[in-house]
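Colleague: Let me begin by handing over the structure; questions about it come next.
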Amino acid sequence: MNGAEFLLFILMLSVFLGFELINKVPATLHTPLMSGANAISGITVVGAVALAGAGDPTTSKILGAAAVGLAMINVVGGYMVTDRMLGFFKKKEG
Amino acid sequence: MDTASIIAFGYVIASGLFIFGLKLLGSPATARKGNMISAVGMLIAVCVALLDQGIVDYTWIAGGMIAGGLIGAIAARVVAMTSMPEMVALFNGFGGAASLLVGWAALTPDSSTFTLITIVLSILIGGVTLTGSLVAYGKLSEVLGSGAVNFSGQQIVNSLVILGVVAGAVLFCMNPADPTFLYVVIGLALLFGVMAVIPIGGADMPVVISLLNSYSGLAACAAGFAINNNVLIVAGSLVGASGIILTQIMCKAMNRSLSNVLFSGFASVSNEVTEIDGEVKPISADDAYYILEAATNVAIVPGYGMAVAQAQHVVKELTELMEANGAEVNFGIHPVAGRMPGHMNVLLAEADVPYDQLLEMDEINPRMANVDVAIIIGANDVVNPAAREVESSPIYGMPVINVSDARTVLVLKRSMASGFAGIENPLFYKENTRMIFGDAKETLGHLVREFGD
């Protein structure tokens, strides 16, 4: 299997997995789920660091550094705000 | 073990943690832990990514990380729970922008056609996510008007933009060395994001936010193909799938198809005036107190108006007083109440209302006949009986909370102006409905004081 086919294979499996995972989430958690998922979409930062770490300051390096910054806002902000929200959710005592 | 295997292994662990974290996010008891686990996965992914042999200079990476991390941390700390929808929209937009930039930066003179296509996709989806989210942010935070923007020839303009994007994308893939087409695609993708969101009104925002959330995942996924990175594909498609499911749930809750939400505002559907019998019966907060004091079963139905009036804390106070008075109090939450999925639940959770007191529409409707008083706080369309009774109504068929089955309905409302969708609400004219006009927070505060005496 060459690169592209392998990646498509991964894509197919993850999409099905995603549907299975999220289908059962109760409505009360929809906002945290959305912002938590949002934080995960900041995974682009992983791709951006390699581009931002290039030796010469080329266009690609500048774009990569900007992407690192933007994705980090998404990641750090997303996880922290989700945690803050989930901290509010309490079960009735007794 | 060489560095490349360590990186690959780290990505496998990170992907596993994302999946496990999302699984735990599915139950209120474990959700916080799930978010934490997913964050650990992200930390591992970022750490192993830094080991990449291609990285020779860490200064720019550090700069981007510190700047982005600080901005994100501060924003997450200071944002009010009522502004959560616009915050999520904004974060979403940044994620989309990052994917656009990564796709763009991944372009090399010797990229294969497959890579070129995925680069175009990540630029397209990322660009639409960026500007679409920014417009959504503007509408939600009222920086822009929250209404739908329609102009004549809109469909034609949109079709031209789409044609332009497709043409630009094809030309770019055929001449990757010429940056002109790349810029055309970027520009049109950004324009298309704006055009796609401006015709959608504020009440439909739950659908738009869910969809943009999905796009930000798909953009990351496309960027993963562009740079040949499987953790981006796994994480991106998980997010993409979750956004699509939420979008579906929101559409179902409004009894509208996705294309109906995206391409037509409510305004174009209805101009006809429905005849409504009966009259509006306003009462004072004092009179409302006597009704509530006698009630043993109360259902509270909140809507966006509760968020606007910041009334969630005083609602909780009133709930406690009524419970101390011997009443059973539940909340009925409509799936599209508010401006994002689960918006009301977060606000009430912030005000310390336990989540098992928040009932979904399907749970509260069968109980409604036993409810003495249903209190509607800043909700309108989600309790509109026209959805069940008036076939000509634009919202006919939308599942609503059947508050008129309760013995008495108290509606807290600013004025008689119709809801966001601009549809008359026959609920206000029903025999068992009483209106309390004024600011919801003040009215509730008044009731709390009466109970206190």
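The values are calculated or read from the model by the stated rules, or taken from the named source; none is laboratory data. Keep in mind the model is a prediction, meaning the values are calculated, not measured. Every residue, glycine among them, receives a Cβ derived from its backbone with ideal geometry; neighbour counts consider all protein chains shown.
Colleague: Could you tell me whether the range B:360-376 includes any residue that is assigned to a loop (DSSP other than H, G, I, E, B) and away from chain A (no Cβ under 12 Å)?
Modeller: Yes, because at least one residue in the range B:360-376 is assigned to a loop (DSSP other than H, G, I, E, B) and away from chain A (no Cβ under 12 Å).
Colleague: Looking at B:L22, B:L51, B:L43 in this structure, which one is at pLDDT 90 or above, outside the structural domain of B:V208 (by TED's automatic domain parsing), closer than 19 Å to A:R84 by Cβ and in contact with a helix residue (DSSP H, G or I) (Cβ under 6 Å, 6 or more places away or on another chain)? Steps first, answer last, please.
Modeller: Details: B:L51 fails: closer than 19 Å to A:R84 by Cβ; B:L43 fails: in contact with a helix residue (DSSP H, G or I) (Cβ under 6 Å, 6 or more places away or on another chain).
Checking each option against the conditions leaves just B:L22.
Colleague: Please work out if B:V269 is away from every other protein chain (no Cβ under 12 Å), modelled with pLDDT under 90 and in contact with a strand residue (DSSP E or B) (Cβ under 8 Å, 6 or more places away or on another chain).
Modeller: Against the criterion (away from every other protein chain (no Cβ under 12 Å), modelled with pLDDT under 90 and in contact with a strand residue (DSSP E or B) (Cβ under 8 Å, 6 or more places away or on another chain)), B:V269 does not qualify.
Colleague: Filter the range A:1-13 down to residues that are facing chain B (nearest Cβ under 7 Å) and either more than 21 Å from B:N213 (Cα to Cα) or surrounded by 24 or more Cβ atoms within 10 Å (Cβ to Cβ) (or both) and give me whichever is modelled with the lowest pLDDT.
Modeller: So, considering only residues that are facing chain B (nearest Cβ under 7 Å) and either more than 21 Å from B:N213 (Cα to Cα) or surrounded by 24 or more Cβ atoms within 10 Å (Cβ to Cβ) (or both), the one modelled with the lowest pLDDT is A:G3.
A quick yes/no check of all residues on (1) in the same structural domain as B:T115 (by TED's automatic domain parsing); (2) farther than 20 Å from B:N158 by Cα; (3) modelled with pLDDT of 90 or more:
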site	(1), (2), (3)
B:D178	yes, yes, no
B:L182	yes, no, yes
B:L188	yes, no, yes
B:F192	yes, no, yes
B:A196	yes, no, no
B:I200	yes, no, no
B:D204	yes, no, no
B:S210	yes, yes, yes
B:Y215	yes, no, yes
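Colleague: Among the listed residues B:G217, B:G168, B:G202, B:G224, which satisfies the condition of being in contact with a Ser or Thr (Cβ under 6 Å, 6 or more places away or on another chain) and surrounded by 21 or more Cβ atoms within 10 Å (Cβ to Cβ)?
Modeller: From the options B:G217, B:G168, B:G202, B:G224, the qualifying one is B:G217.
Colleague: Okay, next question. Here is a list: B:G34, B:G26, B:G41, B:G10. Which entry is in contact (Cβ under 8 Å) with a residue 12 or more places away in the chain, of a type in the set (G, A, S) and either under 30 Å from B:L358 (Cα atoms) or surrounded by fewer than 17 Cβ atoms within 10 Å (Cβ to Cβ) (or both)?
Modeller: Going through B:G34, B:G26, B:G41, B:G10 in turn, just one is in contact (Cβ under 8 Å) with a residue 12 or more places away in the chain, of a type in the set (G, A, S) and either under 30 Å from B:L358 (Cα atoms) or surrounded by fewer than 17 Cβ atoms within 10 Å (Cβ to Cβ) (or both): B:G34.
Colleague: B:A105 - would you say it is free of Cβ contacts under 8 Å to residues at least 12 places away in the same chain and surrounded by 24 or more Cβ atoms within 10 Å (Cβ to Cβ)? It would help to see each step written out before you state the result.
Modeller: Details: free of Cβ contacts under 8 Å to residues at least 12 places away in the same chain: yes; surrounded by 24 or more Cβ atoms within 10 Å (Cβ to Cβ): yes.
It is true that B:A105 is free of Cβ contacts under 8 Å to residues at least 12 places away in the same chain and surrounded by 24 or more Cβ atoms within 10 Å (Cβ to Cβ).
Colleague: Checking B:I66 against (1) within 19 Å of the chain's Cα centre (by Cα); (2) modelled with pLDDT of 95 or more, which single condition isn't satisfied?
Modeller: Single failed check for B:I66: (1).
Colleague: Is one or more of the residues making up the range A:26-42 among the hydrophobic types (A, V, I, L, M, F, W, C), in contact with a Lys or Arg (Cβ under 6 Å, 6 or more places away or on another chain), at the interface with chain B (Cβ under 7 Å from one of its Cβ atoms) and assigned to a helix (DSSP H, G or I)?
Modeller: Checking the range A:26-42: not a single residue is among the hydrophobic types (A, V, I, L, M, F, W, C), in contact with a Lys or Arg (Cβ under 6 Å, 6 or more places away or on another chain), at the interface with chain B (Cβ under 7 Å from one of its Cβ atoms) and assigned to a helix (DSSP H, G or I).
Colleague: Please determine, by comparing only the residues of the range B:140-170 that are among the aliphatic types (A, V, I, L, M) and not in a helix (DSSP H, G or I), which one is farthest from B:T82 (Cα to Cα).
Modeller: Among those that are among the aliphatic types (A, V, I, L, M) and not in a helix (DSSP H, G or I), it is B:V149.
Colleague: Hey, among A:F16, A:F89, which residue is touching a residue at least 12 places away in the same chain (Cβ under 8 Å) and within 24 Å of B:S27 (Cβ to Cβ)?
Modeller: Details: A:F16 fails: touching a residue at least 12 places away in the same chain (Cβ under 8 Å).
Residue meeting the stated conditions: A:F89.
Colleague: Sticking with this one: Would a scan of the range B:79-88 turn up a residue that is charged (D, E, K, R), assigned to a loop (DSSP other than H, G, I, E, B) and more than 9 Å from chain A (Cβ to nearest Cβ)?
Modeller: Narrowing the range B:79-88 to residues charged (D, E, K, R): B:86.
Applying the additional criterion that residues be assigned to a loop (DSSP other than H, G, I, E, B) yields none.
No, every residue in the range B:79-88 fails to be charged (D, E, K, R), assigned to a loop (DSSP other than H, G, I, E, B) and more than 9 Å from chain A (Cβ to nearest Cβ).
Colleague: Here's a follow-up. Considering only residues that are touching a Gly at 6+ places or on another chain (Cβ under 7 Å) and modelled with pLDDT of 80 or more, which ones fall in the range B:237-266?
Modeller: B:S237, B:L238, B:V239, B:G240, B:A241, B:S242, B:G243, B:N255
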